[in-house]
1. Given the condition modelled with pLDDT under 80, of a type in the set (D, E, K, R) and more than 17 Å from I185 (Cα to Cα), answer yes or no: does some residue in the range 133-148 qualify?
2. If you scan the range 18-64, which residues turn out to be part of a helix (DSSP H, G or I), among the polar types (S, T, N, Q) and surrounded by fewer than 20 Cβ atoms within 10 Å (Cβ to Cβ)?
3. Give me a count of the residues in the range 147-163 that are part of a loop (DSSP other than H, G, I, E, B) and loosely packed, with under 13 Cβ neighbours inside 10 Å.
Amino acid sequence: MSKRFIDSGLFADSWFMQLKQDEKLLWIYLITNCDHAGIIELNVPLVSFLTGIADVEKTLRSFGDRMVNVRANYYFLPGYIKFQYGELRETVNVQRSAIRRLEEFGLWDSESGCITVPDRHQKRQEPKKKGGNTTATKKAPKTAAKTPTVEDVREYCKERKNGIDAELFWHHYNSRGWQVNGRKIKSWKSCVITWEKRNKNSGVRSEHDSAYEQLING
(Lines give C-alpha, C1' and ligand atoms only; values in the text may rest on other atoms or scores of the structure.)
Protein backbone atom coordinates (compact mmCIF):
# COMPACT_ATOMS: atom_id res chain seq x y z
CA MET A 1 0.00 0.00 0.00
CA SER A 2 1.45 3.35 -1.03
CA LYS A 3 1.86 6.10 1.55
CA ARG A 4 1.48 9.85 1.12
CA PHE A 5 2.45 12.96 3.00
CA ILE A 6 -0.55 15.00 4.12
CA ASP A 7 -0.43 18.50 5.52
CA SER A 8 -1.19 18.44 9.24
CA GLY A 9 -2.53 21.98 8.86
CA LEU A 10 -4.96 21.04 6.08
CA PHE A 11 -8.08 21.76 8.10
CA ALA A 12 -6.71 25.18 9.06
CA ASP A 13 -5.95 26.09 5.43
CA SER A 14 -8.05 29.10 4.37
CA TRP A 15 -8.97 27.57 1.00
CA PHE A 16 -9.87 24.20 2.49
CA MET A 17 -11.91 25.81 5.27
CA GLN A 18 -14.20 27.44 2.72
CA LEU A 19 -15.06 24.14 1.03
CA LYS A 20 -18.36 22.43 1.66
CA GLN A 21 -18.43 19.06 3.40
CA ASP A 22 -18.64 17.01 0.20
CA GLU A 23 -15.85 19.07 -1.36
CA LYS A 24 -13.55 18.48 1.60
CA LEU A 25 -14.23 14.76 1.51
CA LEU A 26 -13.61 14.52 -2.22
CA TRP A 27 -10.38 16.53 -2.00
CA ILE A 28 -9.00 14.19 0.66
CA TYR A 29 -10.05 11.24 -1.52
CA LEU A 30 -8.13 12.72 -4.48
CA ILE A 31 -4.86 13.48 -2.67
CA THR A 32 -4.81 10.07 -1.02
CA ASN A 33 -5.75 8.04 -4.11
CA CYS A 34 -3.81 9.73 -6.90
CA ASP A 35 -0.62 8.05 -8.11
CA HIS A 36 2.95 9.13 -7.31
CA ALA A 37 2.80 11.80 -10.04
CA GLY A 38 -0.43 13.39 -8.82
CA ILE A 39 -2.52 11.78 -11.58
CA ILE A 40 -5.74 9.94 -10.86
CA GLU A 41 -8.16 7.98 -13.02
CA LEU A 42 -11.67 8.71 -11.78
CA ASN A 43 -14.45 6.19 -11.94
CA VAL A 44 -17.26 8.58 -11.02
CA PRO A 45 -19.87 5.95 -10.05
CA LEU A 46 -17.30 4.18 -7.85
CA VAL A 47 -16.18 7.45 -6.21
CA SER A 48 -19.82 8.30 -5.52
CA PHE A 49 -20.36 4.86 -3.96
CA LEU A 50 -17.23 5.05 -1.79
CA THR A 51 -17.74 8.62 -0.58
CA GLY A 52 -21.52 8.96 -0.60
CA ILE A 53 -21.23 12.13 -2.71
CA ALA A 54 -24.28 12.31 -4.98
CA ASP A 55 -22.93 14.66 -7.68
CA VAL A 56 -19.20 13.97 -7.99
CA GLU A 57 -18.73 15.87 -11.26
CA LYS A 58 -20.29 19.05 -9.85
CA THR A 59 -18.11 18.76 -6.76
CA LEU A 60 -14.99 18.37 -8.93
CA ARG A 61 -15.69 21.68 -10.66
CA SER A 62 -15.44 23.51 -7.35
CA PHE A 63 -11.67 22.83 -7.26
CA GLY A 64 -10.96 25.07 -10.27
CA ASP A 65 -7.33 25.00 -11.44
CA ARG A 66 -6.25 22.85 -8.52
CA MET A 67 -7.39 19.91 -10.63
CA VAL A 68 -6.87 19.63 -14.40
CA ASN A 69 -8.50 17.19 -16.82
CA VAL A 70 -5.63 15.79 -18.93
CA ARG A 71 -7.37 12.88 -20.63
CA ALA A 72 -10.76 11.19 -20.57
CA ASN A 73 -11.38 10.27 -16.91
CA TYR A 74 -7.81 11.26 -15.93
CA TYR A 75 -7.05 14.29 -13.75
CA PHE A 76 -3.83 15.93 -12.56
CA LEU A 77 -3.30 17.77 -9.27
CA PRO A 78 -0.67 20.46 -10.11
CA GLY A 79 0.16 21.20 -6.47
CA TYR A 80 0.81 17.56 -5.60
CA ILE A 81 4.36 17.36 -6.97
CA LYS A 82 5.60 20.45 -5.14
CA PHE A 83 4.13 19.24 -1.83
CA GLN A 84 5.35 15.65 -2.10
CA TYR A 85 8.79 16.16 -3.65
CA GLY A 86 9.65 19.85 -3.86
CA GLU A 87 11.80 19.89 -7.01
CA LEU A 88 11.77 16.77 -9.19
CA ARG A 89 15.18 15.23 -9.93
CA GLU A 90 16.07 12.51 -12.43
CA THR A 91 18.70 11.18 -10.03
CA VAL A 92 16.08 10.06 -7.48
CA ASN A 93 14.40 6.80 -8.49
CA VAL A 94 10.86 7.50 -7.31
CA GLN A 95 11.03 11.03 -8.72
CA ARG A 96 12.35 9.75 -12.04
CA SER A 97 9.39 7.41 -12.17
CA ALA A 98 7.05 10.33 -11.50
CA ILE A 99 8.70 12.29 -14.35
CA ARG A 100 8.12 9.38 -16.76
CA ARG A 101 4.47 9.33 -15.69
CA LEU A 102 4.13 13.08 -16.29
CA GLU A 103 5.73 12.69 -19.73
CA GLU A 104 3.15 10.05 -20.57
CA PHE A 105 0.46 12.71 -20.22
CA GLY A 106 2.49 15.51 -21.83
CA LEU A 107 2.94 17.28 -18.50
CA TRP A 108 6.75 17.48 -18.40
CA ASP A 109 9.31 19.43 -20.44
CA SER A 110 12.61 17.56 -20.12
CA GLU A 111 14.66 20.47 -21.49
CA SER A 112 13.56 23.08 -18.96
CA GLY A 113 12.52 20.74 -16.15
CA CYS A 114 9.11 22.44 -16.03
CA ILE A 115 5.77 20.85 -15.30
CA THR A 116 3.52 21.97 -18.15
CA VAL A 117 -0.13 22.27 -17.24
CA PRO A 118 -2.58 22.59 -20.16
CA ASP A 119 -5.10 25.40 -20.27
CA ARG A 120 -8.28 24.84 -18.34
CA HIS A 121 -9.97 21.78 -19.77
CA GLN A 122 -11.61 22.79 -23.00
CA LYS A 123 -15.17 21.62 -23.29
CA ARG A 124 -16.06 19.66 -26.36
CA GLN A 125 -18.28 21.57 -28.76
CA GLU A 126 -21.80 20.29 -28.72
CA PRO A 127 -23.32 19.51 -32.10
CA LYS A 128 -25.56 22.26 -33.43
CA LYS A 129 -29.22 21.59 -33.04
CA LYS A 130 -31.31 21.75 -36.15
CA GLY A 131 -33.60 24.74 -36.22
CA GLY A 132 -34.19 26.68 -33.04
CA ASN A 133 -32.58 29.95 -32.12
CA THR A 134 -29.34 30.46 -34.06
CA THR A 135 -28.63 33.88 -32.57
CA ALA A 136 -27.68 32.70 -29.10
CA THR A 137 -25.07 34.81 -27.39
CA LYS A 138 -21.58 33.39 -27.85
CA LYS A 139 -19.02 33.51 -25.10
CA ALA A 140 -16.09 35.78 -25.83
CA PRO A 141 -12.87 33.84 -26.50
CA LYS A 142 -10.36 33.77 -23.69
CA THR A 143 -7.50 36.22 -23.99
CA ALA A 144 -4.22 34.46 -24.73
CA ALA A 145 -1.48 34.71 -22.14
CA LYS A 146 0.87 37.64 -22.80
CA THR A 147 4.20 36.65 -24.31
CA PRO A 148 7.00 38.32 -22.35
CA THR A 149 9.65 40.52 -23.90
CA VAL A 150 13.34 40.12 -23.15
CA GLU A 151 13.01 43.16 -20.90
CA ASP A 152 10.11 41.53 -19.01
CA VAL A 153 12.27 38.49 -18.34
CA ARG A 154 15.27 40.64 -17.42
CA GLU A 155 13.26 42.68 -14.90
CA TYR A 156 11.79 39.54 -13.31
CA CYS A 157 15.21 37.88 -13.04
CA LYS A 158 16.63 41.09 -11.60
CA GLU A 159 13.81 41.15 -9.05
CA ARG A 160 14.60 37.56 -8.03
CA LYS A 161 18.37 38.16 -8.16
CA ASN A 162 18.88 34.76 -9.81
CA GLY A 163 21.54 35.69 -12.39
CA ILE A 164 19.64 34.02 -15.26
CA ASP A 165 20.57 35.24 -18.76
CA ALA A 166 17.27 36.85 -19.86
CA GLU A 167 18.10 36.68 -23.58
CA LEU A 168 19.06 33.01 -23.30
CA PHE A 169 15.78 32.23 -21.58
CA TRP A 170 13.72 34.30 -24.03
CA HIS A 171 15.28 32.82 -27.18
CA HIS A 172 14.98 29.29 -25.77
CA TYR A 173 11.20 29.53 -25.48
CA ASN A 174 10.55 31.97 -28.32
CA SER A 175 12.10 29.49 -30.76
CA ARG A 176 9.49 26.99 -29.55
CA GLY A 177 6.55 29.37 -29.87
CA TRP A 178 6.27 29.55 -26.07
CA GLN A 179 4.96 26.02 -26.09
CA VAL A 180 6.07 22.85 -24.35
CA ASN A 181 4.95 19.48 -25.70
CA GLY A 182 2.48 21.26 -27.96
CA ARG A 183 0.84 23.18 -25.11
CA LYS A 184 1.05 26.91 -24.57
CA ILE A 185 3.06 27.84 -21.49
CA LYS A 186 0.66 29.32 -18.94
CA SER A 187 3.26 30.94 -16.72
CA TRP A 188 6.69 31.85 -18.05
CA LYS A 189 7.61 33.04 -14.57
CA SER A 190 7.23 29.47 -13.30
CA CYS A 191 9.76 28.38 -15.90
CA VAL A 192 12.14 31.11 -14.74
CA ILE A 193 11.91 29.75 -11.22
CA THR A 194 12.61 26.25 -12.49
CA TRP A 195 15.68 27.48 -14.39
CA GLU A 196 16.73 29.30 -11.24
CA LYS A 197 16.70 26.04 -9.29
CA ARG A 198 18.35 24.02 -12.06
CA ASN A 199 21.17 26.54 -12.43
CA LYS A 200 22.24 25.76 -8.89
CA ASN A 201 23.26 22.30 -10.11
CA SER A 202 26.59 21.94 -11.90
CA GLY A 203 26.56 21.71 -15.70
CA VAL A 204 22.97 22.86 -16.25
CA ARG A 205 23.81 26.43 -17.19
CA SER A 206 26.47 25.42 -19.68
CA GLU A 207 24.02 23.12 -21.45
CA HIS A 208 21.59 26.00 -21.95
CA ASP A 209 24.44 28.24 -23.14
CA SER A 210 25.32 25.65 -25.75
CA ALA A 211 21.70 25.47 -26.91
CA TYR A 212 21.63 29.26 -27.13
CA GLU A 213 24.79 29.40 -29.24
CA GLN A 214 23.35 26.84 -31.63
CA LEU A 215 20.15 28.87 -31.87
CA ILE A 216 21.99 32.14 -32.61
CA ASN A 217 24.73 30.78 -34.87
CA GLY A 218 22.67 28.19 -36.66
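1. For the range 133-148, residues modelled with pLDDT under 80, of a type in the set (D, E, K, R) and more than 17 Å from I185 (Cα to Cα): present.
2. Across the range 18-64, the qualifying residues are Q21, T32, N33, S48, T51.
3. Total satisfying the criteria: 3.
The values are calculated or read from the model by the stated rules, or taken from the named source; none is laboratory data. Just so it is clear, the model here is predicted, and its values are computed rather than measured. Quick reminder, even Gly has a Cβ in these numbers, built from the backbone with ideal geometry, and neighbours come from all protein chains shown.
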